[in-house]
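Read through the structure below, which is laid out as structure tokens, and then see the notes.
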Amino acid sequence: MENSARSQTEFQTFFREWLIQLELYLNQLLNFLQFPDDHQQDQPNHKQLILRVMAHYHDYFLAKARVSSRNVFLVLSPPWFSPYERTFLWVAGFKPGLSLCIVKTCGLELTSDQVERIERLTVETKDDESAIAERLVTLQQQVLAPTILALTRMGGREVNGMIDDADAAVDSLAKGMEFLVGLADFLREKTVAKVVGILTTDQTVMFLAAMIQFQLRIRRWGQLRETEIHRDANNPLSSGFGGGGS
């Protein structure tokens, strides 16, 4: 429990600082997009910024992997995300195919060759997502189902070794889930890297800006909802019982 609490505190500190830097990168990306006439001479700077943004996301995945190795269930339902943000999670993160949806909706003018490559990547990514989802179901069936069934059949009676078996099942599930979270994060990074490999430098700047804006918008909406919920909970009039009247 102590290690888990420390991991949570350390990651939340890292995540706050990481988000601040992410917003700074977004401002730089948007600044480049405001001056399209300077793109040719700024190509080297664009490429350097793209590399820095990609490295910044890689740092996030590395930090998350360290938390996952200590307590994978913490990253599966992360307390540093609002309930609204957690509704978007798929194996502890955004679904890899989401980056492809952003490519198709952020206003990029793609060539026919780029469209074809993006479509192939979309199919490939969906197949990889399905493979991970299937492994997740199999893991849950192999690890949890037999133990839960055995405990149910005992009718609540204490049996020597049964608690140990349950603990072993949870440990096995945690190890399996840690592997799948790592696999999902690898797919997330790989998909974005392949998208960047298909797009031009200017298109990548637009894509990364749209991806970051989406992520930050989801976070702000989640925080706004939390603020409204707490405000209503602390306001007796909002429940309908504070109005009096005889």
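The values are calculated or read from the model by the stated rules, or taken from the named source; none is laboratory data. What you are looking at is a predicted structure, and each value in this text was computed from that prediction instead of being measured. Here Cβ is always computed from backbone atoms with ideal geometry, including for glycine, and neighbour counts include all displayed protein chains. Note: areas computed on protein heavy atoms with side chains; ligands, DNA, RNA excluded. Shrake-Rupley method; radii C 1.70, N 1.55, O 1.52, S 1.80 Å.
Remarks
- All conditions but one from (1) part of a helix (DSSP H, G or I); (2) more than 30 Å from residue 202 (Cα to Cα); (3) not polar (S, T, N, Q) apply to residue 91; the one that does not is (1).
- Residues of segment 69-87 satisfying the condition of being closer than 17 Å to residue 229 by Cα, open to solvent by less than 50 Å² (accessible area, probe 1.4 Å) and among the β-branched types (Val, Ile, Thr): none
- Yes/no for residue 73 being touching a residue at least 12 places away in the same chain (Cβ under 8 Å) and not in a helix (DSSP H, G or I): no
- Residues within segment 193-205 that are surrounded by fewer than 22 Cβ atoms within 10 Å (Cβ to Cβ) and either under 16 Å from residue 94 (Cβ atoms) or touching a residue at least 24 places away in the same chain (Cβ under 8 Å) (or both), tallied: 8
- Residues that are of a type in the set (D, E, K, R) and touching a residue at least 12 places away in the same chain (Cβ under 8 Å), drawn from segment 76-104: 85, 95, 104
- Any hit, segment 11-26, residues being touching a Pro at 6+ places or on another chain (Cβ under 8 Å), free of Cβ contacts under 8 Å to residues at least 40 places away in the same chain and open to solvent by 20 Å² or more (accessible area, probe 1.4 Å): no
- Where a residue in segment 122-141 is exposed (fewer than 11 other Cβ atoms within 10 Å of the Cβ) and its partner, wherever it lies, is part of a helix (DSSP H, G or I), with Cβ under 6 Å and at least six apart: none
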